[in-house]
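> First the structure, then my questions, so here it is.
The values are calculated or read from the model by the stated rules, or taken from the named source; none is laboratory data. Everything quoted here is computed from the prediction, not taken from an experiment. Positions of Cβ are backbone-derived with ideal geometry, glycine not excepted, and every protein chain shown enters the neighbour counts. Calculation scope for accessible area: heavy atoms of the full protein, side chains included, ligands and nucleic acids excluded. Shrake-Rupley method; radii C 1.70, N 1.55, O 1.52, S 1.80 Å.
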Amino acid sequence: MFKNYFIIAFRNIKRNLSYTFLNVLGLTLGIASCLVIFLVVRNELGFDNFNYKANRTYRVTLNALDFNSNVSVGIVPAIRADFPELEQVSQVFYMHNALVKVGNTRYNEKDVAFADDHFTGVFDYQWLKGNPKTALEQPNTVVLTESFARKYFGDKEAMGQVIKVNNDFDYKVTGVIKDVPPNTHLPFNFLMSYETVRAQFLKNMSNFYAIPGGSYAYIVLPAGYPVERLQKRMPAFIEKNWGKQLAKEAKLPLQPLMDIHFDQRYINNIITPTSKDTYWALAGVAILIIITACINFINLATTQAIKRGKEVGVRKVLGANRSQLIQQFLGETSLLVVISVVLAFLAAFFSLPVIAKWVDIKITNSLLLQPSVLLLLAALTVFLILSAGLYPAFVQSAFRPTDTLKSKSGISLKGLMLRKGLVLAQFAISQILIVGTLVVAAQMDFFQNRDLGFNKDAVITFNVPDAGKREVLRQELLNNPGVKQLSFSSAAPAYNTDFTAFSSPQLGLTKDDVTEVKSIDELYTNMFELKMLAGHKIVKTTGKDSVPDIMVNETLMHKLGIQNPQDAIGKHVNVGGYANAPIVGIVQDFQSESKHKKRRPCVLVYDTSNFFMASVKLQSAGVPQTISRIGKDWSALFPDDLFSYQFLDEHIAQQYMQEQKVYTAFKLFSGIAILIGCLGLYGLVAFAAVQRTKEVGIRKVLGASLSNIVYLFAREFIVLISIAFLIAAPAAYFVMHNWLANFAYQVNISGGIFFIAISVSVAIAAFTIAHQAIKAAVANPVKSLRTE
């Protein structure tokens with residue numbers, strides 16, 4: 001019996017190749033998308049879970065005026081002394097960039113760190129060579145990842161080899177580990193011993209607010225030790241080591257390791273945190289894709305049921321009961337689903353490397369063979385067979401022989417209404433995804449291009465290793481015809497590196513607040529087109545004045561209790577090491593960090609001792625040649641270093657790398673969902689065109705125009721699109737409004753976005769319908785009227 005079912009199924013597939021193709025293609029795209037989204041979401045939600053003690057590991061953070069993931073280097077020794085019961089306490093000092101010299105070859109490397117000998121007891125890495133307990137004990141030792149050991153030494157033995165870092169220290173290789181998993185908040189390519197640099201931090205051990213960028217502290221609690229007990233003891237710990245006053249104003253929150261990647265209160269992480277809701281939203285897209293694929297299948301199957309009415313009638317007359325017919329039709333569905341699953345697995349296998357590159361996530365084909373993925377695939381197969389096959393099977397098996405053999409369709413009004421309801425749901429899903437994509441696109445554009453407060457176009461930045469050669473470098477660069485403008489500073493506007501305390505007893509602000517400090521030259525304001533609100537710009541000074549003039553931004557001005565910029569000119573501020581520094585200018589707020597948080601106070605001061613960054617605005621023509629010449633001039637002055645530059649707009653884009661990943665994935669899979677919907681719509685219109693062949697012929701004979709015929713097919717779908725919009729608009733607004741709430745600065749969800757969404761929906765439907773409708777409209781009426 002089952003053999004006959006499969007023979008009939010294959011014959012039916014062969015007889016209706018176009019519908020089979022549409023069904024299989026829709027299901028294949030849906031299943032493949034779900035597999036890929038599952039891997040992406042699992043990768044992102046699984047950050048740091050490779051650590052065996054992850055649920056007992058915490059990062060010690062600072063909460064004074066804001067949440068800071070960096071803490072004083074004095075925290076770790078004090079915790080180790082006051083809480084001996086802790087299983088592990090470790091200090092890490094992270095560096096984004098380093099110059100590495102191996103033999104005569106130099107490399108500019110990213111993601112390197114110093115770590116103490118307790119680090120390997122906190123985090124679990126797979127050691128290939130060396131002793132994890134002793135590898136970082138001694139100064140001037142380094143542990144390489146496997147890929148970097150191969151990069152530096154090839155097939156040679158890496159253990160015992162020496163590398164030089166930043167033209168400063170020679171490090172002996174004392175360990176090699178497997179490459180760090182990509183889904184970790186602490187990515188690194190090699191670890192240097194913290195003992196090497198411990199001495200340079202000793203002078204700041206007792207200063208609670210002496211916080212180097214990249215200074216992280218981690219603890220591991222003993223099994224069964226509640227974190228709340230330790231957290232309650234922190235105020236007394238701060239008071240004991242740094243005084244009663246500081247204990248009132250500062251806290252040391254213990255941040256769970258598994259929360260670091262998602263806790264958006266902290267933005268000065270190595271990888272910018274992203275809300276879990278964002279990834280659940282992406283998982284929601286996968287669910288919508290599967291729903292759309294199921295709707296396609298049900299709609300196409302029920303429309304096909306009309307053509308198979310006589311077959312069902314004959315089978316029932318010959319003795320087939322309803323359960324046998326249901327088994328047959330479910331068998332056909334199962335066959336299509338299994339074919340789709342196999343094709344989807346192959347599609348995911350071959351497309352995964354490309355998609356992983358698009359969304360900038362390190363996931364490989366081997367993950368598709370993991371038991372959890374195969375289990376998901378099996379569950380998805382069963383779900384699709386039941387959800388997409390049960391209703392068509394019951395509809396087809398319910399036809400009455402007397403009706404079907406008399407050429408009546410057997411499809412009830414209830415069935416037609418359900419099909420329209422499914423199409424309505426499909427249009428609503430498409431419009432929700434279109435609105436979502438448009439809102440995310442607008443927010444990403446706002447992140448990177450709108451309301452920055454400065455001009456980022458055609459600007460490259462690079463370091464100046466030796467301040468003594470800065471003026472020579474200036475002359476060389478200004479002789480380059482491709483250089484439009486040049487400025488030296490501690491940091492370009494989109495970088496924030498230095499923070500200090502400020503107060504103003506003159507204005508009644510006696511309690512210290514925190515401000516960013518940028519050391520800038522006299523050309524900085526003009527080059528970046530910072531907008532002056534009052535006063536004058538910073539000017540070049542040659543004297544050794546102990547109290548320099550300063551400019552401040554709007555936010556700091558408001559912190560001082562001043563609303564009118566003119567009123568702030570001439571006021572004095574204690575900032576960092578400067579007492580009673582006079583304010584000579586007010587500058588409009590500009591974006592120093594990502595828009596996840598509100599803009600901070602900022603002080604701009606002329607201080608040549610901190611001019612470590614050069615910013616160059618390039619002429620529009622001959623950019624590669626200009627950069628090449630800059631590199632040669634720079635390298636001639638600093639032969640022991642490697643020239644490395646970055647476009648300012650690229651640096652800004654990196655601040656939103658996590659959002660960009662999700663946005664790319666959202667665009668891709670939303671497009672697939674809409675494509676699946678189009679496939680189903682195309683199949684429905686094609687079937688309608690066949691069913692109404694005679695009607696179209698009669699209408700043409702009676703004088704109907706091409707537009708009349710097209711409208712005949714389109715009007716039903718236009719009504720469905722309109723109703724779907726009324727459902728989709730509030731749903732999309734609710735979802736996207738909640739997503740935007742994750743950012744301090746955000747776009748407005750305007751009516752224009754919804755107008756675009758419904759216009760795109762109509763355009764997609766019109767394009768999908770047009771081919772079949774026009775084909776039916778231009779057919780010869782004589783042939784149409786002869787159609788049986």
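> Name every residue in the stretch 133-161 that is farther than 24 Å from TYR52 by Cβ and assigned to a loop (DSSP other than H, G, I, E, B), in order of residue number.
GLN138, PRO139, ASN140, GLY154, ASP155, LYS156, GLU157, ALA158, MET159, GLY160, GLN161
> Would you mind stating whether PHE713 is at pLDDT 80 or above, out of contact with any strand residue (DSSP E or B) (no Cβ under 9 Å at 6 or more places or on another chain) and not charged (D, E, K, R)?
Taking the combined requirement at face value, the residue does not satisfy it.
> Could you please tell me which pairs satisfy a Cβ distance under 8 Å, a separation of 6+ or placement on different chains, a first residue in the stretch 243-255 that is at negative phi, and a second residue that is part of a loop (DSSP other than H, G, I, E, B) and open to solvent by 30 Å² or more (accessible area, probe 1.4 Å)?
GLU249/ALA64; ALA250/ALA64; LYS251/ALA64
> Also, I was wondering about something else. List, please: which pairs have Cβ atoms under 8 Å, are six or more places apart or on different chains, and start with a residue in the stretch 652-674 that is farther than 18 Å from LYS362 by Cβ and free of Cβ contacts under 8 Å to residues at least 24 places away in the same chain and end with one that is buried (at least 17 other Cβ atoms within 10 Å of the Cβ) and charged (D, E, K, R)?
Once the first residue is farther than 18 Å from LYS362 by Cβ and free of Cβ contacts under 8 Å to residues at least 24 places away in the same chain and sits in the stretch 652-674, no partner that is buried (at least 17 other Cβ atoms within 10 Å of the Cβ) and charged (D, E, K, R) comes close enough.
> Next up: Name every residue in the stretch 727-751 that is among the β-branched types (Val, Ile, Thr), within 28 Å of VAL423 (Cβ to Cβ) and either touching a Lys or Arg at 6+ places or on another chain (Cβ under 9 Å) or open to solvent by 60 Å² or more (accessible area, probe 1.4 Å) (or both), in order of residue number.
ILE727, VAL735
> With the requirement that a residue be in a helix (DSSP H, G or I) and not aromatic (Phe, Trp, Tyr), what does the stretch 92-132 give you?
THR120, GLY121, VAL122
> Looking at the stretch 143-190, which of the residues that are over 32 Å from the mean Cα position of the chain (by Cα) and under 30 Å from ALA356 (Cα atoms) is surrounded by the fewest Cβ atoms within 10 Å (Cβ to Cβ)?
Taking the candidates together, the pick is ASP155.
> Then there's this: Applying the selection to the stretch 445-459, what residues are in a helix (DSSP H, G or I) and at pLDDT below 85?
Within the stretch 445-459, PHE447, GLN448, ASN449 qualify.
> Might you check whether a residue that is open to solvent by 20 Å² or more (accessible area, probe 1.4 Å), touching a Leu at 6+ places or on another chain (Cβ under 7 Å), among the aromatic types (Phe, Trp, Tyr) and within 30 Å of PHE743 (Cα to Cα) occurs anywhere in the stretch 435-449?
Checking the stretch 435-449: not a single residue is open to solvent by 20 Å² or more (accessible area, probe 1.4 Å), touching a Leu at 6+ places or on another chain (Cβ under 7 Å), among the aromatic types (Phe, Trp, Tyr) and within 30 Å of PHE743 (Cα to Cα).
> Same structure, new question: Could you grab me the full set of residues in the stretch 234-268 that are open to solvent by 20 Å² or more (accessible area, probe 1.4 Å), closer than 22 Å to ALA54 by Cα and not in a strand (DSSP E or B)?
PRO253, MET258, ASP259, PHE262, ASP263, GLN264, ARG265, ILE267, ASN268
> Does the stretch 349-362 include one or more residues that are in a helix (DSSP H, G or I), of a type in the set (S, T, N, Q) and farther than 30 Å from HIS185 by Cα?
No: zero hits.
> Same structure again: Quick one: would you say VAL89 is of a type in the set (A, V, I, L, M, F, W, C), under 27 Å from ASN269 (Cα atoms) and assigned to a strand (DSSP E or B)?
Yes.
> Only residues in the stretch 118-142 that are free of Cβ contacts under 8 Å to residues at least 24 places away in the same chain and open to solvent by less than 60 Å² (accessible area, probe 1.4 Å) count as the first member; pair them with residues that are in a loop (DSSP other than H, G, I, E, B) and charged (D, E, K, R), Cβ under 8 angstrom, at least 6 apart or cross-chain, and list the lot.
Correct list of pairs: THR120/LYS133.
> Something else: Write out, first by first residue and then by second, each pair whose Cβ atoms fall under 8 Å of each other, whose residues are 6+ apart or on separate chains, and whose first residue, in the stretch 463-474, is open to solvent by less than 30 Å² (accessible area, probe 1.4 Å) while the second is modelled with pLDDT of 90 or more and part of a loop (DSSP other than H, G, I, E, B).
Correct list of pairs: VAL464/PHE611; VAL464/PHE612; ARG470/VAL464; ARG470/PHE611; LEU473/VAL464.
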